[in-house]
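Participant: The structure is given below, and queries will be raised subsequently.
What follows is calculated from the coordinates using simple rules that are stated; it is not laboratory data. Only a predicted model underlies this, so the values are computations on that prediction, with no experimental measurement involved. Note that we place each Cβ from the backbone using ideal geometry, even for glycine, and neighbour counts take in every protein chain shown.
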Amino acid sequence: MSTVSATLSVVPQRSRVTRAAAARDLDAAASAAADFLRSLGVDPDDPATPDLAETPHRLALAYAELLDVPEFDFTTFANAEGYDELVLVRDIPFQSVCEHHLLPFTGVAHVGYLPRARIVGLSKLARTVDHFARRPQTQERLTMQVADLLEDQLDPKGVGVLLVAEHTCMTLRGARAPGSATTTSSLRGHLRENAAGRAEFLTLVNGGVR
């Protein structure tokens, strides 16, 4: 290998992760929120409840924040040491909004991969989860999107993503089952096809030691 090629191989590589978003109109959102409340029998202009006056505006701001998708650089480095064991970040907190009811669901993500030529800065695993969580979502899709990005950016031997979350759409309404948790997983490559690799990932996710 030439000196130039060897130098270039260890240079960090950055790929910008973005999402095209439509323009926002917070005034229109606040007006719609006021109409929404009135249609449910809650009048934000009722003088008997003055604290409701700014609620439509606060509601618009709250959802604008919840749905603000952060961009970031997915930074990878040469796997110069030839590390070939599992890399796992556990208990990454996330919050998202159920696309069926627009109610929050919150939980933790466990994200791991088996490297080939590139490794990723660990914080980028947390940023990946946050990037895909900040939009109307289903937990199933969120799990797969995180795994897809790792596969695309790293070309690893395997990827494992496991999410555990509580959905307020079923704890505060409907079934009203507080304390219930939903688990989803997406295993790729060696972590899906190899029973020992799959067992290792699940054991470490659950706090065990190999």
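Participant: Roughly how far apart, in whole Å, are the Cα centres of the stretch 56-74 and the stretch 135-210?
Facilitator: Taking the Cα centre of the stretch 135-210 as reference, the centre of the stretch 56-74 is 24 Å away.
Participant: Continuing with the same structure: For percent of Cα pairs over 21 Å apart, the choices are (i) 62; (ii) 49; (iii) 66; which was calculated from the structure?
Facilitator: (i)
Participant: What's the exposure ranking of 96, 123, 186, 31, going from fewest to most Cβ atoms within 10 Å? Don't jump to the answer; show the numbers that get you there.
Facilitator: On the way: 96 25, 123 11, 186 21, 31 14.
Lowest to highest Cβ neighbour count: 123, 31, 186, 96.
Participant: How high is the relative contact order of the chain? Use alpha-carbon pairs under 8 Å, at least six apart in sequence, and give a whole percent.
Facilitator: Details: 359 pairs, mean separation 35.4, N = 210.
Contact order relative to length: 17 percent.
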